[in-house]
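A.B. asks: I have a structure I would like to understand better, so I am pasting it below and will then ask my questions one at a time.
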Amino acid sequence: MRMRVDILTLFPNMFSSPLQESILGRAVEKGLIQIRTINIRDFALDKHQVVDDTPYGGGQGMVMKVEPIARAIESVKSQNPSAWIVYLTPQGKPLQQDMARRLSTQSHLLLLCGRYEGVDERVRELFINEEISIGDYVLTGGELAAMVLIDAVSRFIPGVLGSDRSAEEDSFFNSLLEYPQYTRPFNFRGRCVPEILLSGNHAAISLWRRREALRRTSLRRPDLLTKADLSEGEKKLLEEIFKGNSIDGDGLPIKKL
Ligand code: 4FV
């Protein structure tokens with residue numbers, strides 16, 4: 001399954017290097033993802049190719065004009081009417097892993113990157129299928145948000161992550177934060193890798209990882225626990241953690257979860 005991503009932007013060059021490196025770069029090379037940038041200014045037909053104007057009703061900043069964006073969107077829709085149009089904006093739905101997974105099933109994404117104070121409201125009314133935000137802060141433009149979205153979505157496309165990897169094992173997969181990871185050296189400045197991880201006892205290791213994921217999530221993102229499907233044993237474990245009863249930290253599991 002390949003995905004086509006068209007990006008409407010006033011700064012197409014911003015996308016050159018980030019989408020050519022590493023995993024995404026290889027995915028593009030392998031043709032798993034086709035990425036095309038479209039310069040909205042090319043659809044401003046006046047002599048000065050004006051793409052923004054002052055806001056009606058006054059106020060600071062400029063607003064992106066509807067006509068160039070409408071022409072740009074219609075040029076893509078004329079090639080593929082089923083393109084799914086996403087506007088990156090702080091007013092959008094906060095991007096989450098399950099949204100990235102859902103968007104990865106689309107064959108053609110059309111991403112609109114705003115600039116200035118944003119786009120004329122009629123762009124939303126006439127063309128936008130979905131509005132997505134990457135976080136509650138204001139960027140200078142939607143381009144970086146579009147790159148974040150492309151990265152998060154691409155990981156779900158079969159073949160993008162190495163054969164042994166699937167995005168289904170990630171953090172947030174079961175809406176828990178990931179467990180601590182270690183690699184060589186065993187002892188770094190007196191800090192050693194938890195013995196359990198060298199035990200070769202895979203059942204015990206996954207138990208330890210599950211517990212550490214629960215502990216870390218309960219301490220750092222308790223809001224995620226509401227969505228996690230926890231077994232009775234894990235719920236009991238969480239009570240322990242919340243009661244601050246330290247569970248035998250790095251020893252082998254003592255309680256059947
Ligand atoms: C943004 C975000 C974001 C707002 C004004 C572009 C900027 C400027 N996009 N998630 N946060 N966009 O800050 O997606 O037009």
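A.B. asks: Take LEU139, LEU32 and sort them by solvent-accessible surface of the protein heavy atoms, 1.4 Å probe, largest at the top.
C.D. replies: I get LEU139, LEU32, largest accessible area first.
A.B. asks: Once you wrap a convex hull around the alpha carbon atoms of region 1-67, what is its projected area averaged over all directions, in nm²?
C.D. replies: On the way: hull surface 26.3 nm².
That works out to 6.6 nm².
A.B. asks: Any idea what Rg and Dmax come out to for the chain if you just take the C-alpha atoms, in Å?
C.D. replies: Here Rg and the maximum Cα pair distance are 23.3, 75 Å.
A.B. asks: Also, I was wondering about something else. Any idea of VAL138's accessible area? Nearest 10 Å², probe 1.4 Å.
C.D. replies: 130 Å²
A.B. asks: Keeping all protein chains in place, calculate the accessible area per residue for the chain (probe 1.4 angstrom), answer in Å². Can you show the working numbers first?
C.D. replies: Details: 14590 Å² over 257 residues.
Dividing the accessible area of the chain by its residue count gives 57 Å².
A.B. asks: Leaving ligands, DNA and RNA out of it, rank SER75, SER133, SER82 by accessible area with a 1.4 Å probe, largest first.
C.D. replies: Details: SER75 35, SER133 5, SER82 75 Å².
The residues order as SER82, SER75, SER133, largest area first.
A.B. asks: Measuring from the lowest to the highest alpha carbon on each principal axis, how far does region 64-161 reach, largest first, in angstroms?
C.D. replies: In descending order, the Cα extents are 39, 34, 17 Å.
A.B. asks: So what are the ³J(HN,Hα) numbers for region 28-44, from phi and the Karplus equation (6.51, -1.76, 1.60; θ = phi - 60°), rounded to whole Hz, Gly and Pro as x?
C.D. replies: Each residue of region 28-44 in turn: 5, 4, 6, x, 6, 10, 10, 10, 10, 9, 10, 7, 4, 4, 5, 10, 9 Hz.
A.B. asks: Right, here's the next one. Please list, ordered by chain and number, the residues whose modelled amide H lies under 5 Å from the amide H of SER133; skip anything fewer than 5 residues away on the same chain.
C.D. replies: Residues meeting the amide H criterion: THR89, GLY92, LYS93, LEU95.
A.B. asks: In whole percent, and with a 1.4 Å probe on the protein chains, what portion of the accessible area of the chain is carbon and sulfur? Let's see the in-between values first.
C.D. replies: Details: 7730 of 14590 Å².
Using a 1.4 Å probe with all protein chains present, the chain comes out at 53 percent carbon and sulfur.
A.B. asks: Considering only lysines 8 or more places apart in sequence, or on different chains, count the pairs in the chain whose C-alpha atoms sit under 30 Å apart.
C.D. replies: 20
A.B. asks: State the extension gain, in nm to one decimal, for the chain segment bounded by GLU74 and ASP136, taking 0.36 nm per residue of separation less the distance between their alpha-carbons.
C.D. replies: On the way: separation 62, 0.36 × 62 = 22.32 nm, distance 3.02 nm.
19.3 nm is the gain from fully extending GLU74 to ASP136.
The values are calculated or read from the model by the stated rules, or taken from the named source; none is laboratory data. Small disclaimer: the values here were computed from a predicted structure and weren't measured. Just the protein is used for accessible areas: all its heavy atoms, side chains included, with ligands, DNA and RNA removed. Shrake-Rupley method; radii C 1.70, N 1.55, O 1.52, S 1.80 Å.
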